[in-house]
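Read the structure below first, then the notes.
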Amino acid sequence: MSKTNFLKGLWKEHPVLRQLLGMCPTLAVTTTAINGLSMGLAVVFVLFFSSFVVSLIKKVVPHQVRIAVYTVIIATFVTIVDIFLKAQFPQISRALGPYVPLIVVNCIILGRCEAFASKHHMADSLIDALGMGFGFAWGLFLLGSIREILGAGSIMGITIMPQAYNPLIVMILPAGAFLVLGLMVAIMNRIEQK
Amino acid sequence: MNSLIIIFISTVLVNNFVLSYFLGICPFLGVSGRLESAFGMGMAVTFVMTIATAITWLIYNLVLVKFGLFFLEYVVFILVIASLVQIVEMFIRKFSPPLYQALGIYLPLITTNCAILGAALFMVTKGYNLLESVVFGFSGGLGFSLVLLIMAGIREEMYYADVPPVFKGASLTLIAAGLLTLVFMGFSGLVSS
């Protein structure tokens, strides 16, 4: 039970490739593999602790104001991540820019809090949060890697393409984000069809 | 006056919220299926975004800056936007039923539209004054509506296209958006920064 609960976020109900949630950070920060990965891990952190708090307080929050309460909880953890990145990893913080605060309105987090954490036991909620979070993280890492390899000829900052390779600059521009993600979704559909 | 026009053109065409900052992609993919709903959503976003930038500017500069409460920025902004959407919804329902009929169902969705929070955050990082912020918010909303409408037009045509089944739906929309972004890159020389 808990195993399928964890695995569904990683593949069957993948937040990016199947449900198309959390599109802004997915498309915006994945210019390099490392940026994609750091955004993914930031979301794992926020999602995990928000789910934890939401499942703690789910019985005492009045139904009418629950969304506002969840949003404030999420915003609090996002502020923690933002301050932590600014202090410890200023370079990553600059690269991610306004997309760190925008995690507040990332629909994956509010969606999981509302649809799952507020209705299930704490252990299930935390497993679900980790599955969805890591699913999101690998999606961003893969998208970032593809774009970095094609657009800059390197991965994690290490050049891997031969000297003769002429980088496709468009892949690191906004247009490349849409094109690569569109193809990834199509490939995912193909694999699932079999 | 000159700087206002530059903000307007660069926000609508050059640095479009959807195509170059990726803000408001969720409604962009979800709502842009039909022209009518795209129009309603676009108008609702423009409306709320213009008011939201004005109010968040006032709160940021008169309260947060004055008392040095910068760490509350995100919590305050999202609360302001969420309550603003509520108030706007109640206000329109009371005073303009026809407008409510047109915008009604789109208004609650706007709280989680990252373009609104994004506009407030960009306004702070760019250091705009009140008037510039309002123009920025308004043109951001207008740029969002423009792209939403273009996309809805394309998707209505694509609905009848014969494409491989794995590309149907989200995948094809994303690729079309990518091509649209390439088209909008043509505007990039319009405003020299």
- Query: Within the range B:164-185, how many residues turn out to be more than 8 Å from every other protein chain (Cβ to nearest Cβ) and under 14 Å from B:Asn15 (Cβ atoms)?
  - Reply: 1
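In this structure, is B:Val48 more than 28 Å from A:Val170 (Cα to Cα), touching a residue at least 40 places away in the same chain (Cβ under 8 Å) and open to solvent by less than 10 Å² (accessible area, probe 1.4 Å)?
Numbers: more than 28 Å from A:Val170 (Cα to Cα): yes; touching a residue at least 40 places away in the same chain (Cβ under 8 Å): yes; open to solvent by less than 10 Å² (accessible area, probe 1.4 Å): yes.
Yes, satisfied.
Show me the helices (runs of 4 or more DSSP H) found entirely inside the range B:59-128 where at least 2 residues are surrounded by 20 or more Cβ atoms within 10 Å (Cβ to Cβ) and among the aromatic types (Phe, Trp, Tyr). Let's see the steps before the verdict.
Numbers: elements: B:73-95, B:97-103, B:114-126.
Filter on the range B:59-128 gives B:73-95.
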- Given the conditions (1) surrounded by 14 or more Cβ atoms within 10 Å (Cβ to Cβ); (2) at pLDDT below 90; (3) away from chain B (no Cβ under 12 Å), and given that A:Ala115 satisfies all but one, which numbered condition is not satisfied? (1)
- Message: Take B:Phe138 and tell me if it is of a type in the set (Phe, Trp, Tyr), modelled with pLDDT under 85 and out of contact with any Cys (no Cβ under 8 Å at 6 or more places or on another chain).
- Response: no
- Note on the structure: Taking the range A:155-194 and the residues there that are open to solvent by 50 Å² or more (accessible area, probe 1.4 Å) and under 21 Å from A:Gln19 (Cα atoms), the one that is farthest from the other protein chains (Cβ to nearest Cβ) would be A:Lys194
- Note on the structure: Checked the range B:144-167 for anything under 15 Å from the mean Cα position of the chain (by Cα) and among the β-branched types (Val, Ile, Thr); matches are B:Val147, B:Ile150
- Note on the structure: Selection from the range A:25-59 of residues crowded, with 24+ Cβ neighbours inside 10 Å and more than 29 Å from A:Ile146 (Cβ to Cβ) yields A:Ser50, A:Ser51, A:Val54
- Query: Can you find a residue in the range A:60-73 that is closer than 26 Å to B:Pro108 by Cβ, at pLDDT 90 or above and open to solvent by 70 Å² or more (accessible area, probe 1.4 Å)?
  - Reply: yes
- Task: Could you please find all residues in the range A:19-50 being over 26 Å from B:Asn16 (Cα atoms) and either more than 11 Å from the chain's Cα centre (by Cα) or part of a loop (DSSP other than H, G, I, E, B) (or both)?
- Result: A:Phe48, A:Phe49, A:Ser50
- Task: Run A:Leu140 past the list (1) hydrophobic (A, V, I, L, M, F, W, C); (2) closer than 27 Å to A:Phe178 by Cβ; (3) open to solvent by 20 Å² or more (accessible area, probe 1.4 Å); (4) at pLDDT 90 or above and report the number of the one that doesn't hold.
- Result: (3)
- Item | Set B:Leu4, B:Leu29: member being surrounded by fewer than 24 Cβ atoms within 10 Å (Cβ to Cβ), among the aliphatic types (A, V, I, L, M) and away from every other protein chain (no Cβ under 14 Å) | B:Leu4
- Looking at (1) under 20 Å from B:Gly153 (Cα atoms); (2) crowded, with 21+ Cβ neighbours inside 10 Å; (3) under 11 Å from the mean Cα position of the chain (by Cα), find the lone condition where B:Ala38 falls short. (3)
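The values are calculated or read from the model by the stated rules, or taken from the named source; none is laboratory data. Quick caveat, the model's predicted, so the values are computed rather than measured. Don't worry about glycine lacking a Cβ; one is built from the backbone with ideal geometry, like all the others, and counts go over all protein chains shown. The protein model used for the area step is the full one, side chains on, heavy atoms only, and it has no ligands, DNA or RNA in it. Shrake-Rupley method; radii C 1.70, N 1.55, O 1.52, S 1.80 Å.
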